[in-house]
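Each remark here refers to the structure printed beneath this line.
Nothing in this text is a laboratory measurement; each read-out follows from the coordinates by a stated rule. Owing to the predicted nature of the structure, the values given are computational and were not obtained by experimental measurement. A quick note on method: Cβ atoms are made from the backbone with ideal geometry, for glycine too, and the neighbour counts reach across all protein chains shown.
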Amino acid sequence: MSTPGIHASSERVTNLTLESKEPTGDIATSWQRYKQASSKVSPANKRKYTVIVVGSGLAGASAAASLSELGYNVHCISFHDSPRRAHSIAAQGGINAAKNYQNDNDSVWGLFYDTVKGGDFRARESNVYRLAQVSTDIIDQCVAQGVPFAREYGGYLANRSFGGALVSRTFYAQGQTGQQLLLGAYQALSKEIGRGGVKMHTWSEVLEIVLVDGHAKGVVMRNLKTGEITRLAADAVCLATGGYGNVFYLSTNAMKSNCTASVRAYRRGAGFANPCFTQIHPTCIPVSGDHQSKLTLMSESLRNDGRVWVPKKKGETRPASQIPEDERDYYLERIYPSFGNLVPRDVASRAAKKMCDAGYGVGPSGYGVYLDFGAAIDRLGNRAVGDRYKSLFDMYERITGDSPWQTPMRIYPASHYTMGGLWVDYDLMTNIPGLFALGEANFSDHGANRLGASALMQGLADGYFVIPYTIGNYLKEAKAGFSDTNHEGFREAEDLVNKKIDTLMGIGGSQTPDAFHKRLGKIIWDKCGMSRTEEGLKEALGQVKELREEFWSDLRVVGGKDGLNQTLETAGRVADFMDLGEMMVLDALTRDESCGAHFREEHQHPDGEAKRDDENYCHGAIWAFDGDGNEPVRNTESLTFNYVPPSTRSYK
Amino acid sequence: MKITLNVWRQAGPQAKGAFEKHQVDVIPEMSFLEMLDVLNEQLLGDGKEPFAYDHDCREGICGTCGAVVNGVPHGPGDKVTLCQVHMRSFKDGDELWLEPFRASAFPIVKDLVVDRSSFDRIIQAGGFVDVRTGAAQDANNLPISKPVADEAFDYAACIGCGACVAACPNAAAMLFMGAKVSHLGLLPQGQPERDQRALNMLSQADAEGFGSCTNHGECSAACPKGVPMKAIMRMNADVVRAALTETGTE
């Protein structure tokens, strides 16, 4: 099949060179030793380099601000009307850090160990260790910016516990931690914009990455207000463009969250790693009908005090309040006595699906389980429960019309986060020199499953404390001050952009972009969601290809390309979700094992837990674009575990 | 249920706008924006151009959405953004009038979409703590009493949606600025730049064409996060304090 008009450069390489650049030796000192050996750019020379940061979420805003503080010229690009809108803002629960303020025996090692284990041994140990190390600096930085974290009466910082951990290491600001952290980063970015160190481009969507002699040297973007296409040159490009959870159509992601920049980079030769590692969050408000446009997350922190249950009787019709205690099945507490309601997300999600598939689900659709605060309210009182969860209870009531103070919440899993992303080395550089990927856009730290409160940690770690140290290794080797926007690479990229827009506008078919997106999402959710089979994935692969064919022949976009045209924007993003969807299904099909969030029904232990195959799949799978009409090519980066020996995850 | 919608149609910043009437079938579980999705899919199906409207997270936190519904920014309901309004707030046969947030500092881009970059420029003028990455001390070296931290949080909850400006007869941005000035001014981290912050933000707001506060209180009533009028008192106090102590003069 062919996607009209879009071809990457002719010298395509599908056999990727993937050098992780992991430091060797003692892991505890590896980051320190690496920094010491890293190239520094002198203050006088920094101002000669220009860096483009795409995205202004936690990773993008923190990177842009920090690089500007160092003296680099920074361009920050966002498709939003303001850098404060990025979807990081919606994160509720918290951010992990190995501060051990609770004296509960937490440590860098502990956070490292939990993250490697939680990721089911599919992440690079060295990256994860560095993440755990810098986690503590993040909290210090955010507090200095004025982020109003929750505090105890003595004035010191408060913590809560989160899934997948036996310590309380999560810092939070009511149920709005992401908002407060993002506003901290946004304010740091604003300070640099005001000072002139960062030039901010809002309403601007990056539609191509520009390669010059194989190096990323700029972008082509479209101004969403005017439709104008512009070229921007730089010495390096950082993508901090988030995840691809909206491939499912219904997800907890914001409506505009998309994978366009990542897929553009992939089509330019960047490897895309582990696309099938997608996180389905266990606690979201269930779907209420066909009109549904997105799903709303209810923070995992609710599982600290809420108890998950279903009726013991199949097809129960009585309301929750009339079901006596001994007719309730607190199945997480029953199956996982040591972690109980705090098992990791993948485990909790699959358990909910299993109960509902077996006929025990609640609510009109039968796809829901109860999350009950009755016991917590009795034990702690309204005030203490309100202190912890009031904003979440209010949010639930606004959406459903039910009050969690009176009746248990109904929840069901939904697509939430994507562990897969652009492959990066220890410097956070993709296999395209000069092209970096930060935050959720890369694949680096969470393996096959991310633990709660670790996304905010990783986004800010990458932006504040990793890229400012590692980007110098590339820049030092590059000649400063690339600015030739008339270079052939720019012409070629701009041609691709214009051609794609004209193609989308000119199909003149009968179906809207949203209609295609919904159908794609349903295929992926049904066959490449919480549990997957070889048969289902093979079907899905065919269906996605057919749907893409139909998309390029029957799409309808009205309006013009000069000026705000939200249908055109959506159409371009849905086109890229089609490519991503295909890659995701292929990845799930060829990873013939279960691990973390990737659950292949063929591979499970007798008790239904995911069964890894370390002999054959202890690696990252990195996909290379091989032209339209060809399936992408699978490459691997093998993983070695010197510190946390792979074991079967057990939360019992 | 059937709803009659009069939606503001305006092709571009300079174009003349007008209301356009449409009928939509909805169910009570739908959110307000899902109703607009239905309308837009309907229009697209007929080969007509959909209405442009801004939205993103659809859970009341990103601050992107917002329109005036029957004269009220973000529509009916206490402390909600437009995306959190559900159709169960209306009844069959209701007629609604939808228009963009109106203020000269928020120029209309198209239909219901406005440009609120003036808010960003106000923050860039001083709505931050000037601390470099890496310069921070250990977080627990700075105890902050819980009531102070909680109050700072309440001001920090502002989502920058602009409903306060749309609701204000003077199109003032005082509640927006007051929220940031209060958030940072309550905390020890915000003290060194407290005076400059208030003066610089205020002077930027004047340059953007926002009006002055004449104590109507409509801003706080429209605020989806319930930022109180006290934010404006704090802002005024900081401006006066800065003017009197000279440390804030540029």
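Computed quantities for the displayed model
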quantity: Farthest toward positive dipole pole in region B:2-110 [+1 Lys/Arg, -1 Asp/Glu at C-beta], among B:Asn70, B:Ile27, B:Asn40; calculated: B:Asn70
quantity: Nitroxide proxy distance, nm - points 7 Å out along Cα→Cβ at A:Asp562 and B:His22; calculated: 2.5 nm
quantity: Candidate aspartates and glutamates for bridging to A:Lys314, where Cα separation is under 13 Å - those fewer than 8 sequence places away on the same chain excluded; calculated: A:Glu327, A:Asp329, A:Asp357
quantity: Neighbourhood charge, 12 Å Cβ-Cβ cut-off, centred on A:Arg410 and excluding it, Lys, Arg +1 and Asp, Glu -1; calculated: -2
quantity: Charge dipole (debye, nearest 20) of region B:117-245; +1 at Cβ of Lys and Arg, -1 at Cβ of Asp and Glu; calculated: 80 debye
quantity: Segment A:Glu333-A:Ser650, extension gain: residue separation times 0.36 nm, minus the distance between their alpha carbons; calculated: 112.7 nm
quantity: The protein assembly as shown: C-alpha gyration tensor shape, a/c 1.5 cut-off, then a/b vs b/c; calculated: rounded
quantity: Flagged links, alpha-carbon separation over 21 Å, of A:Lys390/A:Lys652; A:Lys500/B:Lys16; A:Lys313/A:Lys353; B:Lys21/B:Lys110; A:Lys499/A:Lys527; A:Lys313/A:Lys354; calculated: A:Lys390/A:Lys652; A:Lys500/B:Lys16; A:Lys499/A:Lys527
quantity: Neighbourhood net charge (12 Å Cβ-Cβ; Lys/Arg +1, Asp/Glu -1) for B:Val181; calculated: +3
quantity: Partner chain coverage, peptide A:508-516 - average Cβ within 10 angstrom; calculated: 2
quantity: Protection proxy ranking, peptides A:473-479, B:106-112, average beta carbon neighbours within 10 Å, highest first; calculated: B:106-112, A:473-479
quantity: Rounded to 5, percent antiparallel among DSSP beta bridges of chain A; calculated: 70 percent
quantity: Shielding score for A:76-89, defined as the mean number of other chain Cβ atoms within 10 Å; calculated: 5
quantity: For A:Val558, net neighbour charge (Lys/Arg +1, Asp/Glu -1) across residues whose Cβ lies under 10 Å away; calculated: 0
quantity: Ellipticity estimate at 222 nm from DSSP helix runs (n ≥ 4, -39,500 (n - 2.57)) divided over chain A, nearest 500; calculated: -11500 deg cm²/dmol
quantity: Cα gyration tensor shape for region A:281-416, rounded if a/c is under 1.5, else prolate or oblate; calculated: rounded
quantity: 20 Å cut-off, amide nitrogen to a point 7 angstrom out along A:Glu397 Cα→Cβ, residues in region B:135-159; calculated: B:154
